[in-house]
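Peer 1: The structure's right below; bear with me while I get my questions together.
The values are calculated or read from the model by the stated rules, or taken from the named source; none is laboratory data. Predicted, not measured: the structure shown is a model, and the values here were computed from it. Note that we place each Cβ from the backbone using ideal geometry, even for glycine, and neighbour counts take in every protein chain shown.
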Amino acid sequence: MHALRKHIHPGWLIIAPLLVLVVALYLGPILNILWLSVTDPEPGFGNYAKLGESDALLRILWTTVRICIITTMFSVTLGYSIAYAMVHCHQRQKNYMLTLLLVSFWISILVRTFSWLMLLGRKGLVNVTLEDIGLIAEPIAFMRNEFGVLIGMIHYMIPYAVLPLLVSMQALDKRVMDASSNLGATGAQTFWRIYLPLTTPGLVASTLLVFILSLGFYVTPAVLGGGKVLMVAEYISVQLLVTLKWGTAAMLAALMLFGVLAMLWIMSRFMKLSTVFGGAAR
Amino acid sequence: MADLANTGSLQIRDVSKMFGTFRAVDGVTLDIERGEFLTLLGPSGSGKTTLLMMIAGFLDITQGDIALDGASIADVPAEKRNFGMVFQGYALFPHMSVRDNIGYALSVRKRSASEIKARVDEMLDLVQLQEFADRKPTQLSGGQQQRVALARALCFAPPVLLLDEPLGALDKKLRVEVQEQLKDIHRRVGTTFIYVTHDQEEALSMSDRIVIMRDGAIEQVGTPVELYERPATKFAASFLGKSNFITQGDKTYALRPEKIDLRLGQGGSDARVSGTIRSITYFGSMQRIIVDSVQGDEIEVDIDVWRNQEALTEGAKVDLLWQEAAAVELHDT
Ligand SMILES: Nc1ncnc2c1ncn2[C@@H]1O[C@H](COP(=O)(O)OP(=O)(O)OP(=O)(O)O)[C@@H](O)[C@H]1O
Ligand SMILES: [Mg+2]
């Protein structure tokens with residue numbers, strides 16, 4: 001936002017028509033939703049007041065935030081190790097791993113979600129095998145609960161977590177790490193004092209990306225949660241399609257939008273967002 | 001900083017480095033004295049960086065041994081060698097202030113905050129960067145970054161400091177300035193400096209001794225004066241300064257252009273060679289004259305500009321004179 005003001009460049013004229021189109025097509029619906037949230041079914045803040053009245057709504061919001069935080073923590077941690085391995089292995093293996101990463105982007109979320117059911121469901125491969133060799137008597141409940149949702153979401157999110165980290169790790173000057181060990185630092189010291197701080201922008205970008213994407217997750221909780229784990233996106237869809245309470249749905253959507261904006265704003269107080277999104281670090 | 005009084009001599013014994021089947025460093029043997037300023041000079045690809053990296057411990061030695069004060073360090077990892085190093089491009093830590101950069105080596109050694117502060121202040125004094133202590137490296141000029149890198153590498157009083165083309169990124173004027181400062185700092189800290197460059201003027205003006213490298217092997221070692229006045233091979237004579245090569249019988253001699261005198265007219269009894277001026281190039285402080293000798297050689301002569309100004313023209317017949325000792329016999333096979 002700050003960057004925008006600084007660069008009023010003739011080039012803007014060229015993209016202005018498209019910009020206007022995008023703004024109209026994006027802002028229009030968003031404003032419409034904001035409008036709905038304070039006018040449907042009757043004008044006023046009745047929809048927002050429900051947040052204070054309804055335990056169910058608060059529980060859904062809390063479930064969503066909790067699942068998103070856990071998902072983000074695991075995806076980013078695992079993503080960090082994967083990106084690290086990719087950057088520091090041999091070129092051949094690197095290409096191999098990069099291909100696998102891209103392939104996982106191409107597989108539909110439905111396929112990736114249902115395949116977990118096949119693996120970990122009550123009659124899934126794992127449970128059947130464990131029962132056959134007599135390790136367990138009853139199938140383990142991996143799916144149809146929050147645990148199942150977490151597995152599915154973390155699995156889906158890891159490639160997204162890897163990409164920004166990969167970019168920031170690849171941009172690092174290897175000699176800086178050499179300099180650190182030349183100055184007597186152990187491997188651990190070099191990691192904590194040089195490597196991690198220098199990859200922090202990538203870490204933040206990855207965290208934001210995964211968290212924001214997770215907030216809107218719909219398919220995975222619906223399939224793997226088995227109706228027991230209700231997250232905001234699914235609830236909104238129910239309000240829209242089943243109970244036809246558009247006002248409530250709009251209110252929740254607006255809430256998520258403001259939540260994300262608030263997060264970006266808090267982040268921007270601590271660091272320049274442009275460095276997070278790949279800009280120069282000056 | 002007087003705590004390095006008795007350490008810092010290096011013994012390099014028949015060291016080689018293979019990359020696959022390629023021999024990047026080829027049987028280098030070298031004794032480096034404590035407190036010496038030694039320069040590795042050679043064309044691109046002659047193995048200077050590779051040799052330096054083996055001394056620093058970033059590359060394994062394929063063959064041979066390197067010892068510090070007589071004790072082998074071939075199996076000591078880089079972080080345990082305690083050698084300072086100034087990297088090409090400096091490799092400063094971009095997220096740390098100048099102060100934290102310089103104090104890094106002490107802080108990873110878990111020294112007390114007060115000791116680190118005192119030592120860093122001392123180093124900031126040494127490189128004259130006191131007022132920049134709290135800046136980030138990106139807020140400094142190239143020359144200032146170079147001095148931070150130097151202070152960072154010297155902060156833990158290493159017995160040996162390795163510098164890989166530390167002035168490569170600076171422009172000519174700044175280079176000369178920083179050369180002076182480097183020389184001065186070397187005198188004051190008394191650390192052994194091993195300095196890599198392919199700039200022959202830099203090598204001549206700064207070093208106690210110069211090692212000329214060629215294809216991974218040592219071509220010749222000596223003080224700047226020894227190397228310039230008595231080059232042993234054609235390669236050494238032409239890499240360090242300019243040189244004419246004159247063949248007499250089965251012997252080849254190197255002859256520096258500025259050691260030749262030139263006189264108009266031909267056939268003087270003291271003339272060593274006669275010839276015709278082919279071209280005159282003006283360089284401000286001197287002029288370079290190329291003479292085609294009657295024997296068919298091409299000989300370069302550097303003459304002070306204030307001499308013979310009007311008389312010298314292209315096509316003029318001249319005699320060339322030099323003292324017996326000016327022509328150095330070469331030992332190339
Ligand atoms: N990791 C490597 N693998 C294979 N060959 C290498 C490697 N590093 C260096 N070489 C080769 O070894 C030779 C010496 O390289 P080195 O970097 O030591 O040269 P240098 O004298 O420092 O040159 P410059 O002045 O250009 O820096 C070169 O021919 C180079 O191609
Ligand atoms: Mg080099």
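Peer 1: Identify, from the list B:Arg272, B:Arg288, the residue that is charged (D, E, K, R), away from ligand 1 (no atom under 16 Å from the Cβ), at pLDDT below 90 and surrounded by 14 or more Cβ atoms within 10 Å (Cβ to Cβ).
Peer 2: Result: B:Arg272 is the single residue among B:Arg272, B:Arg288 that is charged (D, E, K, R), away from ligand 1 (no atom under 16 Å from the Cβ), at pLDDT below 90 and surrounded by 14 or more Cβ atoms within 10 Å (Cβ to Cβ).
Peer 1: State which residue is nearest to A:Leu183 (Cα to Cα) when the search covers only segment B:149-166 and only residues that are within 16 Å of ligand 1 (Cβ to nearest atom) and either touching a Leu at 6+ places or on another chain (Cβ under 8 Å) or assigned to a strand (DSSP E or B) (or both).
Peer 2: Here the answer is B:Leu162.
Peer 1: Something else about it: Going through segment B:51-85 one residue at a time, which ones are farther than 19 Å from B:Cys155 by Cβ, in contact with a helix residue (DSSP H, G or I) (Cβ under 8 Å, 6 or more places away or on another chain) and within 16 Å of ligand 2 (Cβ to nearest atom)?
Peer 2: Correct list: B:Phe58, B:Leu59.
Peer 1: Moving on. Exactly one condition in (1) in a helix (DSSP H, G or I); (2) away from ligand 1 (no atom under 13 Å from the Cβ) is not met by B:Ala203; state its number.
Peer 2: The single condition B:Ala203 does not satisfy is (2).
Peer 1: Could you please let me know if B:Met123 is in a helix (DSSP H, G or I) and either within 22 Å of B:Ala169 (Cβ to Cβ) or at pLDDT below 95 (or both)?
Peer 2: The answer is yes for B:Met123.
Peer 1: If you don't mind, another one. When segment B:14-45 is examined, which residues are found to be on the phi > 0 side of the Ramachandran plot and away from ligand 2 (no atom under 16 Å from the Cβ)?
Peer 2: Selection gives B:Asp14, B:Gly20, B:Gly27, B:Gly35.
Peer 1: Hey, another quick one. Given the conditions (1) more than 16 Å from the chain's Cα centre (by Cα); (2) buried (at least 22 other Cβ atoms within 10 Å of the Cβ); (3) within 16 Å of ligand 2 (Cβ to nearest atom), and given that B:Asp215 satisfies all but one, which numbered condition is not satisfied?
Peer 2: Unmet for B:Asp215, out of (1) more than 16 Å from the chain's Cα centre (by Cα); (2) buried (at least 22 other Cβ atoms within 10 Å of the Cβ); (3) within 16 Å of ligand 2 (Cβ to nearest atom): (2).
Peer 1: Is there any pair with a first residue in segment B:52-73 that is over 13 Å from B:Asp31 (Cα atoms) and of a type in the set (Phe, Trp, Tyr) and a second that is within 15 Å of ligand 1 (Cβ to nearest atom) and at pLDDT below 95 whose Cβ atoms are under 7 Å apart and which are 6 or more apart or on different chains, and what are they?
Peer 2: B:Phe58/A:Asp178
Peer 1: Look at B:Lys80 and say whether it is within 14 Å of chain A (Cβ to nearest Cβ) and basic (Lys, Arg).
Peer 2: Yes: the conditions hold for B:Lys80.
Peer 1: Still on this structure: Name the helices (runs of 4 or more DSSP H) wholly within segment A:152-251 that hold at least 2 residues that are within 14 Å of another protein chain (Cβ to nearest Cβ) and crowded, with 17+ Cβ neighbours inside 10 Å?
Peer 2: Answer list for segment A:152-251: A:174-182, A:187-190, A:196-215.
Peer 1: I'd like to check which helices (runs of 4 or more DSSP H) are fully inside segment A:21-139 and have at least 3 residues that are within 25 Å of A:Leu213 (Cβ to Cβ).
Peer 2: Hits in segment A:21-139: A:55-88, A:91-106, A:109-120.
Peer 1: Which residue, of B:Met54, B:Met18, is within 14 Å of chain A (Cβ to nearest Cβ) and either out of contact with any Gly (no Cβ under 7 Å at 6 or more places or on another chain) or under 23 Å from A:Thr186 (Cβ atoms) (or both)?
Peer 2: Checking each option against the conditions leaves just B:Met54.
Peer 1: Something else now. Here are some conditions: (1) part of a helix (DSSP H, G or I); (2) without any contact (Cβ under 8 Å) to a residue 24 or more places away in the chain; (3) surrounded by 18 or more Cβ atoms within 10 Å (Cβ to Cβ). B:Ser238 meets all but one. Which one does it not meet?
Peer 2: (3)
Peer 1: B:Lys48 is checked against (1) under 23 Å from the mean Cα position of the chain (by Cα); (2) away from ligand 2 (no atom under 16 Å from the Cβ) and fails just one. What number does that condition carry?
Peer 2: (2)
Peer 1: Sticking with this one: Go through the residues of segment A:123-146 one by one and say whether even a single one is among the hydrophobic types (A, V, I, L, M, F, W, C), under 22 Å from A:Thr200 (Cα atoms) and in contact (Cβ under 8 Å) with a residue 12 or more places away in the chain.
Peer 2: For segment A:123-146, residues among the hydrophobic types (A, V, I, L, M, F, W, C), under 22 Å from A:Thr200 (Cα atoms) and in contact (Cβ under 8 Å) with a residue 12 or more places away in the chain: absent.
Peer 1: Right, something else. Pairs needed: first member in segment B:136-162, without any contact (Cβ under 8 Å) to a residue 60 or more places away in the chain; second member anywhere, of a type in the set (D, E, K, R) and not in a helix (DSSP H, G or I); C-beta distance under 7 Å; at least 6 residues apart or different chains.
Peer 2: Listed by first residue and then by second, the contacts come to B:Thr138/A:Arg282.
Peer 1: Here's a follow-up. Within the group A:Thr77, A:Thr71, which residue is in the same structural domain as A:Leu203 (by TED's automatic domain parsing) and either surrounded by 16 or more Cβ atoms within 10 Å (Cβ to Cβ) or in contact with a strand residue (DSSP E or B) (Cβ under 6 Å, 6 or more places away or on another chain) (or both)?
Peer 2: That would be A:Thr71, the only listed residue that is in the same structural domain as A:Leu203 (by TED's automatic domain parsing) and either surrounded by 16 or more Cβ atoms within 10 Å (Cβ to Cβ) or in contact with a strand residue (DSSP E or B) (Cβ under 6 Å, 6 or more places away or on another chain) (or both).
Peer 1: Could you list, in sequence order, the residues of segment B:216-235 that are charged (D, E, K, R) and either touching a strand residue (DSSP E or B) at 6+ places or on another chain (Cβ under 7 Å) or assigned to a strand (DSSP E or B) (or both)?
Peer 2: Matches in segment B:216-235: B:Glu219, B:Arg230, B:Lys234.
Peer 1: Look through A:Val229, A:Val176, A:Val210 and report the one residue that is at negative phi and modelled with pLDDT under 90.
Peer 2: A:Val229
Peer 1: Against the condition assigned by TED's automatic domain parsing to the domain that holds B:Glu324, of a type outside the set (Lys, Arg), surrounded by fewer than 16 Cβ atoms within 10 Å (Cβ to Cβ) and at pLDDT 90 or above, how does B:Ser279 come out, does it pass?
Peer 2: Taking the combined requirement at face value, the residue satisfies it.
Peer 1: While we're looking at this one, here's another question. Can you say whether B:Gln88 is within 16 Å of ligand 1 (Cβ to nearest atom) and modelled with pLDDT under 90, as far as the supplied structure shows?
Peer 2: Taking the combined requirement at face value, the residue satisfies it.
Peer 1: Which numbered condition trips up B:Ser46, out of (1) hydroxyl-bearing (Ser, Thr, Tyr); (2) within 14 Å of chain A (Cβ to nearest Cβ); (3) surrounded by 20 or more Cβ atoms within 10 Å (Cβ to Cβ)?
Peer 2: (2)
Peer 1: Inspect all residues belonging to segment B:107-117 and state whether any of them is assigned to a helix (DSSP H, G or I), under 20 Å from A:Leu172 (Cα atoms) and either more than 14 Å from chain A (Cβ to nearest Cβ) or within 16 Å of ligand 1 (Cβ to nearest atom) (or both).
Peer 2: no
Peer 1: So, one more: Looking only at residues in segment B:147-191 that are within 14 Å of chain A (Cβ to nearest Cβ) and surrounded by fewer than 16 Cβ atoms within 10 Å (Cβ to Cβ), which one is nearest to ligand 2 (Cβ to nearest atom)?
Peer 2: Out of the qualifying residues, it is B:Gly168.
Peer 1: Out of (1) within 11 Å of chain A (Cβ to nearest Cβ); (2) assigned to a loop (DSSP other than H, G, I, E, B); (3) within 15 Å of ligand 1 (Cβ to nearest atom), the odd one out for B:Met96 is which?
Peer 2: Exception for B:Met96: condition (3).
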